[in-house]
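One structure is given here, and the rest of the page talks about it.
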Amino acid sequence: MTDAVRSENRPEKRKRAISRRRFMADVARTACGVGLLGLGIGMFSRAGALPAMSIRPPGALPEEDFLSACTRCGLCVRDCPYDVLQLGGLGEQVPIGTPYFVAREKACVMCEDIPCVPVCPTGALDHDLTDINKARMGLAVVVDQETCIAFLGLRCEVCFNVCPVRGEAITVDRRPNPRSDRHALFIPVVHSDACTGCGLCEQACILEKSAIKVLPTHLAKGELGSHYRLGWDEKAKAGKSLVSPDLEHRYNLPEGMRYDHDGEGLMQEEPSPFEDDPLDTLNRGLDGGT
Amino acid sequence: MASYERLGADAIAVKGRLRAHKWLLLRRLSQVGILVLFLLGPWAGLWIIKGNLSSSLLLDSVPMTEPLVFLQMLAAGFVTPATTAITGVLIVAGFYLLVGGRAYCSWVCPVNMITDAANWLRQKLGIKPTTRFSHHVRYWMLAMVVLVALASGSMAYELINPVSLIHRGVIFGVGMTWAVILGVFLFDLFVTRRGWCSHVCPMGAAYGLIGKFSLLRVRADRREVCNDCMECFVVCPEPQVIQPALKGAERGIGPVIVAGECTNCGRCIDICSKDVFNFGTRFFK
């Protein structure tokens, strides 16, 4: 190194020792200073998480991978024809220079050719995404059932109607309105298998503050225990009931009554309600049914 | 040492004001020109070049990716980038292998204009450097940047990298950029002479490593006519690179400035009244 060259030029041993000592001290000083700075940067980079209302562009890798892959060049922002995307600035919570949009301000328009994706030089926006309906930028959730006017009994369905995957990502379920006892509630229900997280519903919500919001999928979704099996799915898969024999449920009804499953409900049996032998009634069910 | 008041007076007397600032003017033209090219898009809708210095797209066809950003990406664990980024980094690295690694620093990087301004003001005001630290700090910084990316799994340094912060801030109109500009300016004005670009910047260090092998070099081909005025040492942002090439005749060193830290800024060529220096290749005159 240069230090070796330097000591060759100054042959006296004492000077060489001093220069070696100074060299070591300089190295230690630099290493400590730079190391401390590195520690600070590292902790700074771990401290800020992406705020829930900031949504990544379509095709963005999971946040951890995204932060290692995005060069913060802004090419996706430039190629967004509707100026939806913006870059995180200094002092904002979004990591500096990374692209995002806020659905309530301007939602993703879901262009069919997805121009923001192929222009990404590294693939931080996954180039395999070619069908915008397969994008999963987040998941819309009806977060506030106290202010959503559908739950108050008013007709709205704006979120349902603006949804680009209309009728699939959001459906309207009819439920009885217990307040009036004779009207229906038209409740918006989001389906995660079709929702792209574009945020048009959040942007369009007619409230002062949207009752439907796009959340990061990991915040919006629950997860069943892996041991759960859904009986109806298993039955469909097997083609038959897995509980055999699959008996129709019987009610313990009063003597002489039966239950009609086709809508008539509780029925009086026409013949005499009384068994000839009372013991038959008491033993009913013990030998596998009447 | 020549006093700052008459620094360059000899060169101006011999070559005239214009020729004594030839490379400096061309450099400013390049720096401002590149910034303007980037700004023509958002300002005038003329998209000659899109993106920013971290990654860009020239004429919608030529991709470019900054080598240190690319290195951080790999270190952060994203090892399967799209071909665009790989092509881009090869184009950039190849270009600087030709024109000199740190030609980026003196001909492209917007921070250079800020630190040059700080240096000019520091000389005018006669502010003496108070803190001294090694030119090698930048290599420690480079190692730190890669290690932090490795440890944090993200391009952590890009959160504070003033080069990309300033360039992105200007091009994309992100707020608070002035604070970063002011920070770098004050650092160079008060802390250390040529503090950021010649001591700390890990990006410059990375380009310096490319520069160790680059083709276009400054040469002291006429070093025998040197009159020891020392003005080249005064104007050079990396004075340590000149000495071996200029004074190494007896030891058989030079006349090419081979140190990667030389930024190919050409100020030594401008300032020399004896025309000792010239641009040339590493191999031939």
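Laboratory data are not the source of any read-out in this text; all were calculated from the coordinates shown. These numbers were taken from a predicted model, which means no experiment stands behind them. Here the Cβ is made from the backbone with ideal geometry for all residues, glycine too, and neighbour counts use every protein chain on show.
Name the most mobile residue of A:167, A:59, A:35, meaning the one with the largest mean-square fluctuation, in a Gaussian network model of chain A with Cα contacts below 10 Å.
Sorting by GNM fluctuation, first place goes to A:35.
Using all Cα-Cα distances in region A:48-136, what percent lands in each 5 angstrom bin from 0 up to the longest?
3, 15, 28, 29, 18, 5, 1
Looking at A:238, A:47, A:102, which one has the Cα that reaches farthest to the positive end of the dipole of chain A (charges on Cβ: Lys, Arg +1; Asp, Glu -1)?
Of A:238, A:47, A:102, it is A:47.
Under the classification rounded if a/c is under 1.5, otherwise prolate if a/b is larger than b/c and oblate if not, where does region B:25-210 fall, given a ≥ b ≥ c as square roots of the Cα gyration tensor eigenvalues?
The shape class here is oblate.
Do any cysteines in chain A lack another Cys Cβ under 4.7 Å, and if so which?
Result for chain A is A:32, A:70, A:73, A:80, A:111, A:120, A:148, A:156, A:163, A:195, A:205, no neighbouring Cys Cβ within the cutoff.
Suppose a student asked you for the relative contact order of chain B, using Cα pairs under 8 Å spaced at least 6 residues apart; what percent would you report?
It comes to 25 percent, rounded to a whole number.
What residues have an amide H closer than 5 Å to that of residue A:170, excluding those fewer than 5 places away on the same chain, when H is modeled at 1.01 Å from N in the peptide plane?
A:191
Which whole number gives the average, over all residues in B:137-144, of C-beta atoms from other chains lying within 10 Å of the residue C-beta?
The shielding value for this peptide is 5.
Express the Stokes-Einstein translational diffusion coefficient of region A:108-158 in µm² s⁻¹, to the nearest whole number, given a Kirkwood radius over alpha-carbon pairs, 37 °C and a viscosity of 0.692 mPa s.
Taking Rh from Cα pairs, D becomes 237 µm²/s.
Could you let me know the centre-to-centre spacing of region B:1-63 and region A:210-241, using Cα atoms, in angstrom?
60
Where the centre of each part is set by its Cα atoms, how far does region A:21-96 sit from region A:98-166, in angstrom?
Taking the Cα centre of each part, region A:21-96 and region A:98-166 sit 25 Å apart.
Just checking the output field for A:89-97: average partner chain Cβ neighbours within 10 Å of each residue's Cβ?
Counting Cβ atoms of other protein chains within 10 Å of each residue's Cβ and averaging gives 6.
Normalised by the residues of region A:48-136, what does the relative contact order come to in percent, with Cα pairs under 8 Å and at least six apart?
Reported as a whole number, the value is 39 percent.
Among the lysines, select those whose C-alpha is under 27 Å from the C-alpha of residue A:106, and discard any that sit fewer than 8 residues away in the same chain.
Once the sequence-local lysines are set aside, what remains near residue A:106 is A:134, A:209, A:213, A:221, B:50.
Give, rounded to the nearest 20 debye, the magnitude of the charge dipole that chain A has about its Cα centre when Lys and Arg contribute +1 at Cβ and Asp and Glu contribute -1 at Cβ.
Using Cβ point charges on Lys, Arg, Asp and Glu, chain A gives about 3600 debye.
Taking Cβ-Cβ under 4.7 Å as the only way to count a partner, pick out the unpartnered cysteines of chain B.
Here B:105, B:109, B:197, B:201, B:226, B:229, B:236, B:262, B:265, B:272 come out as lacking a disulfide-compatible partner, given the Cβ-Cβ threshold of under 4.7 Å.
Under a no-solvent Debye model with one identical scatterer per Cα of chain A, what's log10 I(q)/I(0) at q = 0.10, 0.11, 0.14 Å⁻¹?
Results for chain A at q = 0.10, 0.11, 0.14 Å⁻¹ read -0.79, -0.86, -1.09.
Enumerate the calculated ³J(HN,Hα) couplings along region B:134-151 in order (Karplus 6.51 cos²θ - 1.76 cosθ + 1.60, θ = phi - 60°), each rounded to whole Hz, writing x wherever the residue is Gly or Pro.
Listing the rounded values in order: 5, 5, 8, 3, 4, 6, 4, 4, 4, 4, 4, 4, 5, 5, 5, 4, 4, 6 Hz.
Hey, can you grab everything whose amide H is under 5 Å from the amide H of residue A:185? Only 5+ residues off in sequence or another chain; H modelled, so Pro and N-termini drop out.
When sequence neighbours closer than 5 places are left aside, the close amide H contacts are A:175, A:177.
Let me have the relative contact order for region A:138-220, percent, based on Cα pairs under 8 Å that are six or more residues apart.
Relative contact order, region A:138-220: 42 percent.
Whole-Hz ³J(HN,Hα) for each residue in region A:105-122, computed from phi via Karplus 6.51 cos²θ - 1.76 cosθ + 1.60 with θ = phi - 60°, x for glycine and proline: what do you get?
7, 7, 8, 5, 7, 6, 4, 5, 8, 6, x, 5, 7, x, 6, 5, x, 9
Summarise the long-distance tail of P(r) for region A:138-220 by giving the % of C-alpha pairs beyond 15 Å.
53
Let me check the size of the protein assembly as shown from its C-alpha atoms; what are the radius of gyration and Dmax in Å?
Considering the protein assembly as shown through its Cα atoms, Rg and Dmax are 35.6, 136 Å.
Looking only at other chains, what is the average number of their beta-carbon atoms within 10 angstrom of each beta-carbon in B:156-164?
Across the residues of B:156-164, the mean count of other-chain Cβ atoms within 10 Å is 6.
Going highest first, how would you order A:151-160, B:154-163 by mean Cβ packing within 10 Å?
Top to bottom by mean Cβ count within 10 Å: B:154-163, A:151-160.
Once the Cβ-Cβ distance between residue A:46 and residue B:14 is put in as r, and R0 is 41 Å, what FRET efficiency do you end up with, to the nearest 0.05?
With R0 = 41 Å, the Cβ-Cβ based efficiency is 0.10.
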